[in-house]
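To keep things clear, I will list the structure first and then write my remarks on it.
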Amino acid sequence: MSDLIRFERATFTRSGEVVFRELTWTLRDGETWAMVGPVGSGKTTFAQVLLGRHPLRSGTATWPIVGRAAFPSDVIRVVTFQEDSRLFSYRGHYYQERFNFTDPLDDVTVGDYLRTGLSADEPAIATVAERLGVGGLLEASFLTLSNGQVRRTRIARALLAKPELLVLDDPFMGLDTAGRADVAKLLGELIADGTRVLLIARPEFVPEWATHVMKLEGRAAVPGTAAVSAARPRAAETAAVPGGTILDLRNVTVRYGEKRILDNVTWQVRSGERWALLGPNGSGKTTLLCLVCGDHPQAYANEVLVFGQRRGTGDSIWDVKRRIGFVSPELHLYFTAPMNAETAAATGFFDVVTPRPTTPEQDAIVRQLFAEFALTDVMGRPFARLSTGQQRLVLLVRALVKSPELLILDEPFQGLDQAAIDHAKAWLDANLRADQTLIFVSHLADEIPACVTRELRLDAGRANEQG
């Protein structure tokens, strides 16, 4: 087998800082590698190294895969977590805008996104879009896509560029069990057809088509094998202390034209209850939560009472948000302003995504939570320079800084390794007050904290309550 990429004791730097030291690794034709490792181990940075974007300080690094192209980035495509490019950037939008119709002059549709800058013809675009499950979204605004849909669209665009190597930075993030299986099957078919794929993923999500696995630890690479973790038994459930009603949704329906996103949903949540909100991608979970937080305009057309106040009867969106701590994959996309890690976490005091002045008391709360979530080492570092997993932990802290009455954690553990997940679960089980209400969203049963005792499951917009 011929070599495609070869590193021999290669040390790479970024802004003078060593990001990988004496890295030895070879990618050969016919191999499909999976890169795994804990939060902050350098998985996403490794993808940038493959593109030739970090200087080589010592050792050797060669890219035979480049052939006659000028740079590795000409023939290698990396699909990363966040879309922020010349095609589309969240910098020009605000979070609530994704639920309103955007100005057609400024709008970017999925079809536009797939066509711009590529030589692919319409039949090829339609075929790839359909294969990735976004064929019915070609006329939809890119801004309105869910996290899972964004990832599918990003993969589709990368495939249309016909790369020599496709690097996927956690393509399973944000997908439910069926979605992960579908994407894994699709990628397996692409590999069988000759597409070269390098995967960055959690160990338990490494598909069987991966021929080699490398674990990154401390910015170094060590050979490894995919570690498949079995579901662990839930810890003993702890009883919440119910109190007054926090949420009261009565026959809530959200529709766009003839399509119903939520269909006659009734749900009551009392103070101190701990709920899991479950359901496949597209079942309406995100829409339901955005009604609760006041981000969705159809909250005013429905009977949605939050903290006893019906939306549209005098309360402002900020009256609601000041009593809620919130994190979601979609919210993460809007953290584009320059700021360090502590400043990003402190925006949770103000329910904004841009820096605000803080008090010494607020700074002390952030420092304490950083210590409790093993984030002390990232204090002072630019938020944009953190790994995806580190950013997610910072945003989890952001949701906690107010010690809110209602804590909404929408897939908070995406991008985290198992140790970080276990630590965060244990923290929630041990530190939530008896009167704090929790709504937790995940596609993985073993991510749900033991304190969760109730369940609302959505399927095609309809609700089924358990517990």
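Every number here is computed from the coordinates shown, using simple stated rules; none is lab data. Values in this document were obtained by computation on a predicted structure and should not be read as measured data. So basically every Cβ, Gly included, is an ideal-geometry build from the backbone, and we count neighbours across all protein chains shown.
Between rounded, prolate and oblate, where does segment 396-467 land on the alpha carbon gyration tensor, with a ≥ b ≥ c its root eigenvalues, rounded for a/c under 1.5, else prolate if a/b exceeds b/c? In terms of gyration-tensor shape, oblate.
Each principal axis of the Cα atoms in segment 1-79 has its own extent, and those three values, largest first, are 31, 25, 24 angstrom. Computed 3J(HN,Hα) for segment 182-187, one whole-Hz value per residue from the Karplus formula 6.51 cos²θ - 1.76 cosθ + 1.60 where θ = phi - 60°, is 5, 5, 4, 5, 4, 5, glycine and proline marked x. Computed over segment 245-466, the P(r) tail beyond 22 angstrom holds 50 percent of alpha carbon pairs. Rounded to two decimals, the Cα-based Rg/Rh of segment 252-356, with Kirkwood Rh, is 0.98. Pairwise Cα distances in the chain exceed 37 Å in 27 percent of cases.
With both residues required to sit in the chain, DSSP beta bridges show an antiparallel share near 55%.
Taking Cα centre as origin and charging only the Cβ of basic (Lys, Arg, +1) and acidic (Asp, Glu, -1) residues, the dipole magnitude of the chain rounds to 580 debye. Note on segment 313-363: Cα convex hull, mean projected area over all directions, 4.4 nm². Lysine pair count for the chain with Cα-Cα distance under 25 Å and sequence separation of 8 or more or different chains is 14.
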